[in-house]
């Protein structure tokens, strides 16, 4: 009897599995079985009609070419979610100028109550190749519809926004988004400033972008919403289109135009003129970790982090760590931080830190780059050179003191057993310059608000100076590179 019982149990289990499988796949709809063509002939209203008749289901697009005459539009109402799965060889395009190829959450508006928020189901678009060369956008997500996922797809040749997340005017005063972009490849048509890889509009926050590549756009990511987390994001502004060489001077990796918190991990800025740009009178808190700044074009690139249209009320807190700045192909005077002095110099709470980073070819850095402030590496003593250097009567720059609201006291150890003591007031006025050496002295030269420190010797001598910031005000700035000597000519503005 036992073998018979086992057989019966096995048969019942198989039947249950088949039943469950059938229930799970009953709403899986193959679009080509419902009159939608995949041979490149124009598709009319039959596709969106199918969506209306498939609320709560998932549409599958087999391999082929889908030539749209109107955008694919899915509903906002969570109870009527329609998910889209495209075969890896499915190509979606249009011969007409459309607003987008796919619009997520643009019909069936139903404002959900607070009690219903926990019952929302996510919706997703997966797979496919989207040729957006004739459309204003590739995929357009209504930011009011939360929990939308875009994954495992490519979008290319859009002259506008390959992915746009923005809120419609329904339910004014609300917004959220929480859109996820995963494993998406974007190839732009040009590097003009209106060409975006990903655009996130106002009221659209807390987006997640991971494993994504943006190639050949003016801006990789432009956001007017905050709270985003970005992981493994590669931005390359190389292509211009139609085989033409173009002007990359205005290309931006990530532009932030909304106050709030951001986290960026493993972002590879590959040949972007400015990597991060903060825009407008806002307050930004950002964590930047394991990012790379690099260029394949010789002498290309302006800055890693810059701020445009800033006013005195703007505020920045930034934790930057474990990054690599490859300046081999960057131009002379490249700036890691193209920021107003006040942002960092008045940061007494250490909201701005720069730790454990690698800078290749430091000599190319702008001598006024605030990344050289001692506070960034949490030290109060700084060797001027890598090894003893010859100091002559013409003088060698050993660093400078940046503008500050504090009085600064420095001890400059010459390396010959003698020292110079300097006290410089907040306006750059020297109120003490004392040394016991008869042959070596340190002069203070004011250039553009900075106090440049120049060491001179009556007789050519080898010295190894060390700077001690006695009061720890962190406004002493060493020279960009310890491998070479700098003169005042290098510091002329």
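The values are calculated or read from the model by the stated rules, or taken from the named source; none is laboratory data. Keep in mind that this is a model prediction, so the values were computed, not measured. Reconstructed Cβ throughout: ideal geometry from the backbone, glycine too, with neighbour counts over all protein chains shown.
Considering (1) over 19 Å from the mean Cα position of the chain (by Cα); (2) in a loop (DSSP other than H, G, I, E, B); (3) more than 21 Å from residue 486 (Cβ to Cβ); (4) at pLDDT below 90, say which one residue 379 fails and leave the rest.
Single failed check for residue 379: (3).
Does residue 110 count as in the same structural domain as residue 45 (by TED's automatic domain parsing), modelled with pLDDT under 90, within 22 Å of residue 57 (Cα to Cα) and not in a strand (DSSP E or B)?
yes
Yes/no matrix, rows are residues, columns are (1) assigned to a loop (DSSP other than H, G, I, E, B); (2) at pLDDT below 90:
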position: 4; (1), (2): no, yes
position: 20; (1), (2): no, yes
position: 36; (1), (2): yes, no
position: 42; (1), (2): no, no
position: 66; (1), (2): no, no
position: 92; (1), (2): no, no
position: 106; (1), (2): no, no
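When residues of the range 255-304 are filtered for being over 18 Å from residue 236 (Cβ atoms) and in contact with a helix residue (DSSP H, G or I) (Cβ under 9 Å, 6 or more places away or on another chain), how many remain?
0
List the residue pairs whose Cβ atoms are under 6 Å apart, where the first residue sits in the range 360-376 and is on the phi < 0 side of the Ramachandran plot, the second is assigned to a helix (DSSP H, G or I) and surrounded by fewer than 22 Cβ atoms within 10 Å (Cβ to Cβ), and the two are 6 or more positions apart or on different chains.
Listed pairs, sorted by first residue: 367/490; 367/491.
When you go through (1) in a strand (DSSP E or B); (2) at pLDDT below 95 one by one for residue 174, which number turns out not to apply?
The single condition residue 174 does not satisfy is (1).
Return yes when residue 386 is over 41 Å from the mean Cα position of the chain (by Cα) and either exposed (fewer than 13 other Cβ atoms within 10 Å of the Cβ) or at positive phi (or both) and no when it is not. Even if it seems obvious, please write down each step before you answer.
Details: over 41 Å from the mean Cα position of the chain (by Cα): no; either exposed (fewer than 13 other Cβ atoms within 10 Å of the Cβ) or at positive phi (or both): yes.
No.
Search the range 407-424 for residues being surrounded by 14 or more Cβ atoms within 10 Å (Cβ to Cβ) and outside any strand (DSSP E or B), and hand back the single one that is nearest to the chain's Cα centre (by Cα).
Taking the range 407-424 and keeping what is surrounded by 14 or more Cβ atoms within 10 Å (Cβ to Cβ), we get 407-416, 418-424.
Imposing the further condition that a residue be outside any strand (DSSP E or B) reduces the set to 407, 414-416, 418.
Values: 407: 36, 414: 43, 415: 43, 416: 47, 418: 48 Å.
Only one residue tops the list, namely 407.
Check 190, 133, 185, 154 and return the single one that is outside any strand (DSSP E or B) and under 23 Å from residue 63 (Cα atoms).
None of the others qualify; the one that does is 133.
Name every residue in the range 332-349 that is in contact with a helix residue (DSSP H, G or I) (Cβ under 7 Å, 6 or more places away or on another chain) and surrounded by fewer than 14 Cβ atoms within 10 Å (Cβ to Cβ), in order of residue number.
Residue satisfying the conditions is 332 alone.
Read through the list (1) outside any loop (DSSP other than H, G, I, E, B); (2) surrounded by fewer than 16 Cβ atoms within 10 Å (Cβ to Cβ), then give the number of the only condition that residue 442 fails.
(2)
Test residue 320 against the stated conditions and say whether it is in contact with a strand residue (DSSP E or B) (Cβ under 7 Å, 6 or more places away or on another chain), at pLDDT 95 or above and surrounded by fewer than 16 Cβ atoms within 10 Å (Cβ to Cβ).
Criteria not met by residue 320.
Specify the residue that is nearest to the chain's Cα centre (by Cα); the eligible residues are those in the range 298-311 that are assigned to a loop (DSSP other than H, G, I, E, B) and surrounded by fewer than 21 Cβ atoms within 10 Å (Cβ to Cβ).
Here the answer is 302.
For the range 393-406, give me the residue count where each residue is surrounded by 15 or more Cβ atoms within 10 Å (Cβ to Cβ) and part of a loop (DSSP other than H, G, I, E, B).
Here the count works out to 5.
Out of the range 462-493, which residues are part of a strand (DSSP E or B) and surrounded by 16 or more Cβ atoms within 10 Å (Cβ to Cβ)?
Passing the criteria: 463, 466, 467, 468, 469, 476, 477, 486.
Mind checking whether some residue in the range 265-282 is under 16 Å from residue 365 (Cβ atoms), free of Cβ contacts under 8 Å to residues at least 60 places away in the same chain and over 13 Å from the mean Cα position of the chain (by Cα)?
No, the range 265-282 contains no residue that is under 16 Å from residue 365 (Cβ atoms), free of Cβ contacts under 8 Å to residues at least 60 places away in the same chain and over 13 Å from the mean Cα position of the chain (by Cα).
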